[in-house]
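Below is one structure, written out as structure tokens; the observations come after it.
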Amino acid sequence: MAFELKEIVPWGRSFQEYVGMFALSEEDLTKPILGCGDGPASFNAELTRRGGAAVSVDPLYAFRADEISQRIDETFDAVMRQTRQNENEFVWDHIRSVNELGKVRMAAMQEFLSDYPQGRAEGRYLPSSAPRLSFADDSFSLALSSHFLFLYSDHLDLKFHIDTISELCRVCGETRIFPLLQLGATPSPHVEPVAEHFSAQGYEVTQVRVPYEFQRGGNQMLKIRKVEQSNEADAGKGSSHSEHL
């Protein structure tokens with residue numbers, strides 16, 4: 001059955017949120033970046049304006065800008081209503097209120113929509129469904145997956161996570177996934193087995209605390225890096241540990 005736009009709830013985050021969620025340094029922002037499941041986020045648009053290189057993949061990009069805009073309008077009020085009903089699941093520090101959240105998210109999505117027609121023509125927004133990617137090995141330096149993997153653990157099983165992350169690791173030197181929580185602000189049951197799997201495969205696997213927390217308790221990302229790019233002395237072995245910023 002074909003993917004239908006009515007099946008998704010588009011919800012886009014800003015460039016600055018991506019920087020915080022993934023602890024992106026100025027050096028990181030100079031690398032070729034792949035965004036997995038970016039939806040209507042403004043990260044690609046803003047990074048491109050800054051002279052960076054990003055490609056975003058999402059089934060959403062099979063649709064025109066006006067179709068996506070209409071879907072945003074159809075679902076925005078429902079998302080805001082659900083947020084108000086679950087305010088206690090969020091940390092209201094950087095974003096002070098539900099109303100401010102709506103303004104921040106809508107601004108990011110409008111920035112995406114303004115960039116989308118040109119970005120789509122340039123091949124920066126590609127309609128693709130995980131877990132398979134059409135890129136050659138090592139096409140990018142860094143893969144970012146925001147609010148897709150782990151968040152929907154009730155819907156996406158462990159095999160899907162491992163298959164998708166394997167593809168990201170195939171085409172990217174390093175993969176970062178945020179957050180490590182599922183819906184309801186509870187820890188995803190897939191994080192530990194995913195970390196163990198890729199550590200056993202010879203990757204460096206790290207849970208990193210980041211300078212961003214909106215979903216309560218969601219202030220960590222999982223970083224998976226190819227061994228040959230690490231500075232570990234035992235380059236033939238994977239490792240799994242935590243570090244803090």
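The values are calculated or read from the model by the stated rules, or taken from the named source; none is laboratory data. In this text, all values refer to a predicted model and were calculated from it rather than measured experimentally. Ideal geometry is used to build each Cβ from the backbone, glycine not excepted, and the neighbour counts take in all protein chains shown. In case anyone asks, the SASA skips ligands and DNA or RNA and just uses the protein heavy atoms, side chains included. Shrake-Rupley method; radii C 1.70, N 1.55, O 1.52, S 1.80 Å.
Structure summary
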{"quantity": "Packing-based order for 173-180, 147-154, using average beta carbon neighbours within 10 Å, highest first", "calculated": "173-180, 147-154"}
{"quantity": "Prolate/oblate/rounded call for the stretch 40-102, Cα gyration tensor, a/c under 1.5 rounded", "calculated": "oblate"}
{"quantity": "Peptides ranked, highest mean first, by Cβ atoms within 10 Å: ranges 114-124, 40-50, 93-103", "calculated": "40-50, 114-124, 93-103"}
{"quantity": "Extension reserve of the residue 122-residue 134 stretch, reckoned as 0.36 nm per residue once the Cα distance is removed", "calculated": "2.7 nm"}
{"quantity": "Which listed pairs, of 31/226; 159/223; 103/223, have C-alpha distances above 25 Å, in listed order", "calculated": "103/223"}
{"quantity": "Cβ-Cβ FRET estimate between residue 106 and residue 185, R0 fixed at 25 Å, reported to 0.05", "calculated": "0.65"}
{"quantity": "Solvent-accessible area per residue for the stretch 15-226 (1.4 angstrom probe, square angstrom)", "calculated": "43 Å²"}
{"quantity": "Helix 191-200 vs. the chain, principal-axis angle (Cα, 0 to 90°, nearest 10)", "calculated": "40 degrees"}
{"quantity": "The chain: antiparallel DSSP beta bridges as a percent of all, rounded to 5", "calculated": "35 percent"}
{"quantity": "Acute angle (nearest 10 degrees) that the helix 65-85 long axis makes with the longest principal axis of the chain, alpha-carbon atoms", "calculated": "80 degrees"}
{"quantity": "Heavy-atom accessible surface of the chain: percent carbon and sulfur, 1.4 Å", "calculated": "48 percent"}
{"quantity": "Hull shadow area, averaged, the chain [alpha-carbon convex hull, nm²]", "calculated": "12.8 nm²"}
{"quantity": "Per-residue [θ]222 nm for the chain (sum of -39500 (n - 2.57) over DSSP H runs n ≥ 4, rounded to 500)", "calculated": "-11000 deg cm²/dmol"}
{"quantity": "Ranking by accessible area, most exposed first, for 22, 160 with a 1.4 Å probe", "calculated": "160, 22"}
